């Protein structure tokens, strides 16, 4: 099953290389990496071009914010599943699942009958 990873970025020279290398290090046999750049004015694009062999699709044009960029990425995705890799800061983020556990159940089926449910509970 093909998986599409969409990286929405803008002026992310400090973090884009780590995002590209992180996606490239995944071991899934059928992975597609799509980068949607909001017309960066820093060194983001030269870094992306340096790793062109690891990227399947690239758009660099003005957009209307991160959700517009994510939608552009989805329109290019050819995978059965899509995921987002959004790199806006260069420091690691730690999430405590003990405080806010989330249970996600997804049933993959044909598009006409696809369903998902999500439940949260506080501890």
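Since every read-out is calculated from the coordinates, none of them should be taken as a lab result. For clarity, every value in this text was computed on a predicted model and none was experimentally measured. Here the Cβ positions follow ideal geometry from the backbone for every residue, glycine too, while neighbour counts run over all protein chains shown.
What order do you get for 3-15, 44-56 when each peptide is scored by the mean count of other beta carbon atoms within 10 Å, highest first?
Details: 3-15: 21.3, 44-56: 15.0.
Result, highest mean Cβ count within 10 Å first: 3-15, 44-56.
Protection proxy ranking, highest mean first, for peptides 20-29, 74-83: 74-83, 20-29, where packing is the per-residue count of other beta-carbon atoms within 10 Å, averaged.
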